[in-house]
């Protein structure tokens, strides 16, 4: 053998199938595409506004958390030092503050021990899917179009996924029931349903309170767990906040996913899942699902960064564990942005013009996202032209669809732009849409 | 249906099999058992010393990183603010500092783009295993006894694992070759070998330089990837540091796992993997394995906490990207601790007495761990007696063995105790061993 033989190269066909699944490129695109067209205005990524953030605030948040601990019985300087420095409790150290905040903000009353603090909500999804899905026939239902984080995590674990078409008001109970029956008919076992009841990513749709009640009944009747993801619930544009499924959940059918990425600080990468279900062991002994999840979390990332938790913990303490109130300014900002987005679409495409073009869009009650249906294929090539020729970025809805849907739709996010950027951006988008429509039309 | 029917309970037999695998309890035990016996001296967990850490240093490290960025071309205050606040590059932002540190400390010269910054080394293992293991027959070889983090991650992904018995000098090339052949004979495909060449956890064993060379040759000959994990390499007790496999790797056979948990700050949860292998796509296009790993990482935790990375980045900058030198004091501390541990074992069990008892232990060249072989079953019940009756904790070696091995062995870690605690703790352990031996002997 020569001293230096050619470096081994790996054949991608020999690597895990997820790596050649377009699904897994979507998330990277969302986070990294902006860099490819630095001059383009981006309606692409669902980044939160940076507000008045300054790096110096990080030290202040850390100090708030330290001050908070110092006031707790049993905490002295040595114990605080160890908490920040060392490995720690797998399920986290700010679970009590999160439980208190959930009660204040959402009326969700759960024991702190049922909160698993994770490295962003993404890890919570991975850990929960790993725990709940044991056999090849176990099937995850997802309201479709669907956030790629959960379908991507399922792909990593080779979990079967079944899309459930969303209606105009989001996840539809009848469609869920039909999917449950279809999966069973094919020999599968519907195990859980993932959905975003409020201001869904990507569709912007929200469920009515009645639909939430029906869904919980269905979950009970069909022995289905519900994975409720609520990253955007604070950001109400019209009407009143609706109760979360978890706050209505009398039979512990719901696992509740939360994120601080939109409501506190994305850079901290702190999320959580509430898992207050009981688990029955072989001798009938009972444990909390959260404690079972900790075993899996110990093999994904061990404990979540103590420093990140301390920063988020400090922000929670500073808000009096009332994060909804602390987000009042951000909520007003997103509301005004979505209003501007809708006004500008209306201005460029008044009813007669959009009827001519076959163009339409929804009017979400809140959140970051709306969907525009266009008279041409909104694919990667169209996005390239949009960015290069018109300086505007968006996300193809087909990235969020399993079933070949969304081909004529694009998702617009208004969260990370200023009023003036939205006005300018929708002007650019209008020129792009007119140009594409003209080409498509003949 | 009544308004409130009994809460649904989940049958553990319906959850993923990893949850009933004793393997996954081991890590939680390591991190949490200490709390059960607060008065006991613990030789259990491999925690690093807290040294002179004070919480206020976190703000200082953050500032060091900010100052560093400000000196880089193209970085202004806005960009720094966004880096700390927002979602970021999936593979991390301190990859360049890590690459520079690896060159200074280990003579490992790799492009920064080949470094994937992860949420602790645990996430690096999970992501790498997911990428490399595609088919049921793909088998992970692990040097045994083996760190539970890697076997646990394999368990989450239902990856077949084959233990390779370690020799007195750690992983043994002949045993690896025999395992490769045995796996092939059974229809499996040996895909990669995981090992810790320096001061292994749990055995404390280290490979000779010659054994490293032979192992790299074998990897080339058998088309095997090598997963080299090096959390303890700085902590040399006797002799000189030996070259890492990665620094000797001419054909990119080695993926190198690194951790800042032992050398900087465990609470930050920052680790990394060097993956400079090329991947060949279906049209012959070439990508870097690190970039393929980013697709998977985007579905495990998205990017690693920017705040944690900034703290570690600040520590790297402060050290001039020479972390080995920055660890000189810690290294001296661990050296003295291991010396004390060996001296005290010798004092309580001089040659004649240990021959009588059938007691022996190894003398590691560095690191945190050594192994004591005892004349009784070192199991969970023995540990309970040791903690309750003698106030001393250790780890059962059987927790690290797949094949029923290690039943008469216990692992002692000397990293988180003071000199006086080690002296007192080995006194307690000696009384425990004498008592157990007396009972076992008759």
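Taken together, the values in this text are just the output of simple stated rules run on the coordinates, not laboratory data. Just so it is clear, the structure is predicted and the values come from calculations on it, not from any experiment. With ideal geometry, Cβ positions are generated from the backbone for all residues, glycine too; neighbour counts draw on all protein chains shown.
Shielding by partners for peptide A:283-294, expressed as the average number of C-beta atoms from other protein chains within 10 Å of each residue's C-beta, is 2.
Peptide A:152-160 shows a mean partner chain C-beta count of 3 within 10 Å per residue C-beta.
Sorted from closest to farthest, the other copies place their residue B:335 label points 6.5 nm away, with each point set 7 Å from Cα along Cα→Cβ.
Cβ-to-Cβ counts within 10 Å put A:141, A:370 in ascending order as A:370, A:141, the fewest first.
Tell me the angle of helix A:23-32 to the major Cα principal axis of chain A, expressed in degrees between 0 and 90 and rounded to the nearest ten. Tilt of helix A:23-32: around 90 degrees. I'd like the orientation of helix A:209-222 relative to chain A: the angle between its Cα long axis and the longest Cα principal axis, in ° from 0 to 90, rounded to 10. That helix lies at roughly 60 degrees to the long axis.
As a check on your grasp of the helix formula, calculate [θ] at 222 nm for the protein assembly as shown: sum -39500 (n - 2.57) over DSSP H runs of n ≥ 4, divide by the residue count, round to the nearest 500.
Numbers: 30 runs with 366 residues, N = 884.
Mean residue ellipticity, 222 nm, calculated: -13000 deg cm²/dmol.
Each Cα pair under 8 Å and six or more residues apart adds its separation to the average, and for chain A the resulting relative contact order is 23 percent.
When both segment B:153-182 and segment B:80-116 are represented by their alpha-carbon centers, they are found 31 Å apart.
Under 18 Å from a label point set 7 Å out along the Cα-to-Cβ vector of residue B:347, the amide N atoms of segment B:422-442 belong to B:422-434.
With label points set 7 Å from Cα along Cα→Cβ, the inter-copy distances at residue B:52 are 3.8 nm, sorted shortest first.
By other beta-carbon atoms within 10 Å, ranking A:150, B:423, B:93 with the fewest at the front produces B:423, B:93, A:150. Shape class of the protein assembly as shown from the alpha-carbon gyration tensor: prolate, with a/c at 1.5 or above and a/b greater than b/c. Working from label points 7 Å from Cα in the Cα-to-Cβ sense, the residue B:355 to residue A:60 distance is 7.2 nm.
Anisotropy class assigned to segment B:183-222 is oblate, per the alpha carbon gyration tensor with a/c at or over the 1.5 cut-off and a/b no larger than b/c.
FRET efficiency for the residue B:339 to residue A:280 pair, using the beta carbon distance and R₀ = 51 Å, is estimated at 0.55.
Normalised by the empirical 2.2 N^0.38 Å for globular proteins, what value does the Cα Rg of segment A:59-325 take?
On the way: Rg = 18.5 Å, N = 267, 2.2 N^0.38 = 18.4 Å.
Against the compact-globule rule of thumb, the ratio is 1.01.
Using 1/(1 + (r/R0)^6) with R0 = 45 angstrom and r between the beta carbons of residue B:70 and residue A:322, what's the FRET efficiency to the nearest 0.05? Don't skip to the end; give the middle numbers.
Details: r = 36 Å, r/R0 = 0.79.
Taking R0 as 45 Å, the efficiency between residue B:70 and residue A:322 is 0.80.
Exposure proxy shown here: for A:413, B:240, the number of other Cβ atoms within 10 Å sets the order, fewest to most, as B:240, A:413. What sits nearest the axis between copies B and A, counting only chain B Cβ atoms, is the residue and whole-Å distance B:59, 2.
Plainly put, the tip 7 Å out from Cα toward Cβ on residue A:9 is 5.8 nm from that tip on each other copy, the closest given first. Taking Cα atoms only, the orientation of helix A:380-390 departs from the longest principal axis of chain A by about 70 degrees.
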